[in-house]
1. With a Förster radius of 25 Å, plug the Cβ-Cβ distance of THR90 and ALA60 into 1/(1 + (r/R0)^6) and report the FRET value to the nearest 0.05.
2. Return the distance in nm (one decimal) between the two label points of a simple spin-label model at ILE140 and PHE108, each offset 7 Å from Cα along Cα→Cβ.
3. Which whole-number percent is the relative contact order of the range 20-144 (Cα, under 8 Å, 6+ apart)?
4. Label points 7 Å out from Cα along the Cβ direction at VAL133 and ALA97: separation in nm?
5. Using the Karplus curve 6.51 cos²θ - 1.76 cosθ + 1.60 with θ = phi - 60°, what ³J(HN,Hα) values do you get for each residue of the range 20-35, in whole Hz, with x for Gly and Pro?
6. List, largest first, the extents of the alpha carbons of the range 20-144 along their principal axes, each in whole Å.
7. Full extension from ILE71 to HIS45: what is 0.36 nm times the residue separation minus their Cα-Cα distance, to one decimal in nm?
8. If r is the Cβ-Cβ distance from LEU126 to ASP81 and R0 is 30 Å, what FRET efficiency results, to the nearest 0.05?
Amino acid sequence: MGSEADHWPEFVTTGRNHFPWIRFLRWLLLCSALLFIVGYLPTVHLGGRDAVASMLVGCAISVITSILGAIPLACRAVTSDRARALVPLTGVGLRFAAALVLGLLTVFLTSLAPVPLLMWVALSHLAFLTIDVRFAFQAIANSET
């Protein structure tokens, strides 16, 4: 049996590999800011000022779902090869399920404009996909060393 530290992800116990996680969060926030800058005027033009709130919430939903999808990759504490192969798929499933649930809850439980909201969930979800895939490759490479 290992020590208690063997059950926790390496970046939690040693602090050595926490930089990919911080870098991932930083890229998400930077991409969100760029999406806001690029999408503000078209959103106001097409949907009015009320659509800007929907844009912000849609991007926030995608940030949350990207973080949720990255958690299984950051916590790769499984030992069998078969379970290790399922970790990225688990992240993708969590990301999709969270986007679906949060998007639908926001549409049905708030007074935000639903079309801009769902459009920005989809656009930001696609924009963050590159960041998510890059983080996944880094997490897999770090776990194999």
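1. In this case the efficiency is close to 0.65.
2. Simple spin-label model gives 3.5 nm for this pair.
3. 39 percent
4. Using points 7 Å along Cα→Cβ, the separation is 2.4 nm.
5. Here the 3J(HN,Hα) series is x, 5, 5, 4, 4, 5, 5, 5, 4, 5, 5, 5, 4, 5, 5, 4 Hz.
6. In descending order, the Cα extents are 52, 27, 16 Å.
7. Working: separation 26, 0.36 × 26 = 9.36 nm, distance 3.68 nm.
Between ILE71 and HIS45, full extension yields an extra 5.7 nm.
8. Result of the calculation: an efficiency of 0.45.
Any read-out appearing in this document is the output of simple, stated calculations on the displayed coordinates, not a laboratory observation. Since the model is a prediction, treat every value here as computed from it, not as a measurement. No Cβ is skipped: glycine too gets one built from the backbone with ideal geometry, and neighbour counts run over all protein chains shown.
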